């Protein structure tokens, strides 16, 4: 449940977990692994490597990929669905704002429905089944 509020996009100039000067703004964070896997070529991990591996990941194979949520206003009685689009050469960002491979911004679409009119208790909420 989200409270009605105006949100601003994450300022990628600041690091998300810097306690002395934390980043501001909204973002989506995914724990992910990006691999190069093309038939006839050697498979290898593109991200994360080295210090980018999340230390809380028990297998040590995943790192955080962040995407800024555009400035918008979340309204009362609305359900917002964010659908990420993963494409070749799409960019996500590390928590410090550094781009992770790619040449174009990772994109997503946002849809909303009126919570009280269009969503019933037996419908999936936020992509659930």
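The values are calculated or read from the model by the stated rules, or taken from the named source; none is laboratory data. Note that the structure is a prediction, hence the values are computed from the model and not measured. Positions of Cβ are backbone-derived with ideal geometry, glycine not excepted, and every protein chain shown enters the neighbour counts.
Can you confirm whether segment 31-50 contains a residue that is free of Cβ contacts under 8 Å to residues at least 40 places away in the same chain, within 17 Å of the chain's Cα centre (by Cα) and exposed (fewer than 15 other Cβ atoms within 10 Å of the Cβ)?
Of segment 31-50, the ones free of Cβ contacts under 8 Å to residues at least 40 places away in the same chain are 31, 33, 35-45, 48-50.
This time we only want the ones that are within 17 Å of the chain's Cα centre (by Cα), so: 31, 33, 48.
Next cut, exposed (fewer than 15 other Cβ atoms within 10 Å of the Cβ) only: 31.
Within segment 31-50, one or more residues are free of Cβ contacts under 8 Å to residues at least 40 places away in the same chain, within 17 Å of the chain's Cα centre (by Cα) and exposed (fewer than 15 other Cβ atoms within 10 Å of the Cβ).
Anything in segment 44-60 that is in contact with a strand residue (DSSP E or B) (Cβ under 6 Å, 6 or more places away or on another chain) and over 14 Å from residue 94 (Cα atoms)? List them, or say none.
Once the filter is applied, which keeps residues that are in contact with a strand residue (DSSP E or B) (Cβ under 6 Å, 6 or more places away or on another chain) and over 14 Å from residue 94 (Cα atoms), segment 44-60 yields 44, 45.
Name the residue that is nearest to residue 93 (Cα to Cα), counting only residues in segment 17-30 that are surrounded by 10 or more Cβ atoms within 10 Å (Cβ to Cβ) and modelled with pLDDT under 85. Please lay out each step first, then the result.
Of all residues in segment 17-30, those surrounded by 10 or more Cβ atoms within 10 Å (Cβ to Cβ) come to 18, 22-30.
When the remaining residues are screened for being modelled with pLDDT under 85, the result is 18, 22-24.
Values: 18: 15, 22: 16, 23: 13, 24: 15 Å.
Residue satisfying both the conditions and the ranking: 23.
For segment 96-129: of the residues being closer than 15 Å to residue 69 by Cβ and either part of a loop (DSSP other than H, G, I, E, B) or touching a helix residue (DSSP H, G or I) at 6+ places or on another chain (Cβ under 7 Å) (or both), which is modelled with the highest pLDDT?
So, considering only residues that are closer than 15 Å to residue 69 by Cβ and either part of a loop (DSSP other than H, G, I, E, B) or touching a helix residue (DSSP H, G or I) at 6+ places or on another chain (Cβ under 7 Å) (or both), the one modelled with the highest pLDDT is 97.
State whether the residues of segment 44-54 include one that is at pLDDT 85 or above, at negative phi and part of a loop (DSSP other than H, G, I, E, B).
Yes, because at least one residue in segment 44-54 is at pLDDT 85 or above, at negative phi and part of a loop (DSSP other than H, G, I, E, B).
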